[in-house]
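**Student:** My questions all concern the structure below.
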Amino acid sequence: MRDATKVFPLTALAAALLAVIHNPAFAAEEGDELSQYTQPSSSVSIGVGVVNKDRPQFGIYDGMRDKGAYLLFDADIQKRDNETGTWKTFSVKDFGLDNREIRAEYLEQGKQGVAVEYSQTQSNAPYTINTNQVGIGTATQTTGANITNAAIGSGTNYQFGTERDKLGFNIYKNLKPGLDLRIKLSSENKEGNRITSNGSALFVADLIDWKTQQAEVTLSYTGDDLQLSGGYLGSRFENKNSLGYVSLGSTVMTQPLDNQAHQAFLSGVYSFSPSTKGNFKLAYTRATQNEALPTASISSLSYANIPSLRGEVNTKLVQLGLSSRPMPKLSLVANLRYHDVQDKTPQYTSVANTTGAGANVTVNTTPYSYKTTSGKVEGAYDLSQGYSVIAGIDYSEQDRTVYTDFGGTAYQAYVPYRSKLDEASYRIQLRKSLSETLNGSLAYLYSDRGGSDMTTSTQPGGASTGSVNLVSPVHIADRERQKIRLALDWDPTDKLGFQLNLERSEDEYGTSSRSHGVYDGNSDLYSLDANYRLNDKWQMSGWYSYYLTDVHLRNYTTATNQILKQQQDQGDSLGFSLTGALNAKTKTGVEFSWSKDKSSFDQSYSNGSALAQVPNITTEVARIKLFAEYALQKNADLRFDVIFENWKSNDWQWVYSSGLAWQYGATGTDGTTVITDPKQNSIFYGARYTYKF
């Protein structure tokens, strides 16, 4: 059950607002037919919702995770002075929940205005953590020697999550005709705990206490042929817990460091003629991270010799565009973009002082810079008999930093890398108006990605990492992609309509000397939407969609035998809705939705010998929503909602095959487990009263 202190004050506020709203001074007089056009409409809704069971999966973001009663309160109040054009608005959304929004605005149209916004957003992890660790919710967690062999389930249960509170101010001022000033300020606090690990068998509850501030100042000019917009955008991030300790061998974990960024920007559009327009955007951003490393004072750590990161990244952006219609049947669009990211962070050398194979090994940091030049040309031409053709070319070229040495020592690259990356894409689309009720389009796209030779990866000490060099990182690997798309829009009658979309894509990755990793893949996407109007009071709609992604890869084992893997994700979803009016005062409806997602991981040896299979993961979600709305009077409604929800999954990533809860590490740890319910269902009952004025 929810904390009563959060519910009753909200109820009192709602009652006070309703009392003000029902004041005749705020309501339009009955019979004033003109008021519906000269006065904006307002409404207030108040009610109660009840959830019969906890809903960890469905309640991640909506503020109703736990079983119990919830206040339902929304308001949208708008007042306008017709003589001065002044608006006064106040809105509240989901005020009785942990996820709520409040906004108030005063606006003199064309002159000036100010708005204040507040929002609260809660995110709840759909798991329960059972752990014997001490210090959950603080920056220091301990696992004492007396509980390093704790029994599974012998600890305390915790529900993890984060909460964001954001406050914003918006200011608008018209300085002179065609010249406007806008200022946006916001400050957001994020607090809570999230699940993580120290990279081994040790569970960590990462304490979140972050503050993010943003400021944007924009000056806009609007003329007959020229529109300009320029200004400043800045952000600042502050972490109150930069360093966290987990005591199991004195493990230390750092969090994101304080940082800030500042950007100056200018964009504009110029009309050369009624049929030709040009646009541009210029931006320069400087981001810094100068906070002292929290581990610098710990002499036992290998990187204690780095007092401060002194991070600095400077970004330049130049974008130009042109659109024209030189002929009645021909339209052209061209864009050019230059993006330069320069990482000025100093390169550091760290020496691991541990014992064993990795002792006294030099490791270098990896500042990363890149320049990307990209462009697009596209043309559309109207043919005869309702046909039109669209063709375009996209091209991008990227220069990427590859360090070779630093301070006289060899640079360590743990994965292959390439200094240049380029990609060209070609597309053509044919459109046809087949009839007054049937329209369709067919598109084909081909793209080819390549670049310079891959660098040779090394490990600390300069030795080759062997089989790692046989793998090309998938995001920069050579790739050929083909995609075809078909779309149809058919309205056989005034009451019935269909929309059909089919899409197929295939990827081929170049192997060259690196014959391991992803070598091909494909995807399919189909969707069908239909809507039917039974009569003036009733309408129905339905939809179905299907997707499939299929990836094939080779894992390195020996020179003569490989593991061949096929990872496949497949999903089906469908839905149906029926809404209408039973009579002049009663509206009702039903909505059903269902989805099923399946992930499979087939694998085999290339020589045909047997290999153990990884179980499939299947997740199903179903919802049924029912509502009925009754008009008590012309400006007051009573609404009832019932929502049935069902979720089930056999995700073995959090549940052992034996059915036991997933455990961090094996024996000898603190016994921390992640508990999730593989089958969850709940019912929501809601009733609310809405008053319109």
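The values are calculated or read from the model by the stated rules, or taken from the named source; none is laboratory data. Keep in mind it's a predicted model, so treat the numbers as computed, not measured. We place every Cβ from the backbone using ideal geometry, glycine too, and count neighbours over all the protein chains shown. With ligands, DNA and RNA removed, areas are computed over all heavy atoms of the protein, side chains included. Shrake-Rupley method; radii C 1.70, N 1.55, O 1.52, S 1.80 Å.
**Student:** Might you check whether a residue that is at positive phi and under 34 Å from the mean Cα position of the chain (by Cα) occurs anywhere in the range 95-110? Before you say what the answer is, go through the steps one by one.
**Tutor:** First, pick out the residues of the range 95-110 that are at positive phi: 110.
Those still in the list that are under 34 Å from the mean Cα position of the chain (by Cα) too: none.
No.
**Student:** Also, I was wondering about something else. For the range 178-232, enumerate the residues that are on the phi > 0 side of the Ramachandran plot and either aromatic (Phe, Trp, Tyr) or surrounded by fewer than 17 Cβ atoms within 10 Å (Cβ to Cβ) (or both). Explain how you work it out, then say what you get.
**Tutor:** If we filter the range 178-232 for residues that are on the phi > 0 side of the Ramachandran plot, which is where we start, we get 178, 192, 199, 231.
Residues satisfying the conditions are Gly178, Gly199.
**Student:** If you don't mind, another one. Can you tell me which residue among Lys596, Lys587 is under 27 Å from Tyr544 (Cβ atoms), open to solvent by 70 Å² or more (accessible area, probe 1.4 Å) and without any contact (Cβ under 8 Å) to a residue 40 or more places away in the chain? It would help to see each step written out before you state the result.
**Tutor:** Details: Lys587 fails: without any contact (Cβ under 8 Å) to a residue 40 or more places away in the chain.
Sole residue among the options that is under 27 Å from Tyr544 (Cβ atoms), open to solvent by 70 Å² or more (accessible area, probe 1.4 Å) and without any contact (Cβ under 8 Å) to a residue 40 or more places away in the chain: Lys596.
**Student:** Mind checking which residues of the range 599-608 are touching a residue at least 12 places away in the same chain (Cβ under 8 Å) and either small (Gly, Ala, Ser) or surrounded by fewer than 12 Cβ atoms within 10 Å (Cβ to Cβ) (or both)?
**Tutor:** As a first pass, look at the range 599-608 and keep what is touching a residue at least 12 places away in the same chain (Cβ under 8 Å): 599-607.
Those that are touching a residue at least 12 places away in the same chain (Cβ under 8 Å) and either small (Gly, Ala, Ser) or surrounded by fewer than 12 Cβ atoms within 10 Å (Cβ to Cβ) (or both): Ser599, Ser600, Ser604, Ser606, Asn607.
**Student:** Scan the range 44-72 for residues that are over 14 Å from Ile683 (Cα atoms) and either in contact with a Cys (Cβ under 9 Å, 6 or more places away or on another chain) or assigned to a loop (DSSP other than H, G, I, E, B) (or both) and report the count.
**Tutor:** 4
**Student:** Taking the stated definitions as given, is Ser658 at pLDDT 90 or above and either on the phi > 0 side of the Ramachandran plot or of a type in the set (S, T, N, Q) (or both)? Give the steps one after another, and end with the answer.
**Tutor:** Numbers: at pLDDT 90 or above: no; either on the phi > 0 side of the Ramachandran plot or of a type in the set (S, T, N, Q) (or both): yes.
Spelling it out, it is not the case that Ser658 is at pLDDT 90 or above and either on the phi > 0 side of the Ramachandran plot or of a type in the set (S, T, N, Q) (or both).
**Student:** Within the range 416-450, how many residues turn out to be in contact (Cβ under 8 Å) with a residue 60 or more places away in the chain and touching a Gly at 6+ places or on another chain (Cβ under 6 Å)?
**Tutor:** 0
**Student:** With the structure loaded, tell me whether His552 is surrounded by 16 or more Cβ atoms within 10 Å (Cβ to Cβ) and touching a helix residue (DSSP H, G or I) at 6+ places or on another chain (Cβ under 8 Å) or whether it fails that test. First the steps, then the outcome.
**Tutor:** Working: surrounded by 16 or more Cβ atoms within 10 Å (Cβ to Cβ): yes; touching a helix residue (DSSP H, G or I) at 6+ places or on another chain (Cβ under 8 Å): no.
In short, no.
**Student:** I've got another one for you. Would you pick out the residues in the range 444-470 that are assigned to a helix (DSSP H, G or I) and either of a type outside the set (S, T, N, Q) or modelled with pLDDT of 60 or more (or both)?
**Tutor:** Just the residues of the range 444-470 that are assigned to a helix (DSSP H, G or I), to begin with: 466-470.
Within the range 444-470, Gly466, Val468, Asn469, Leu470 meet the criteria.
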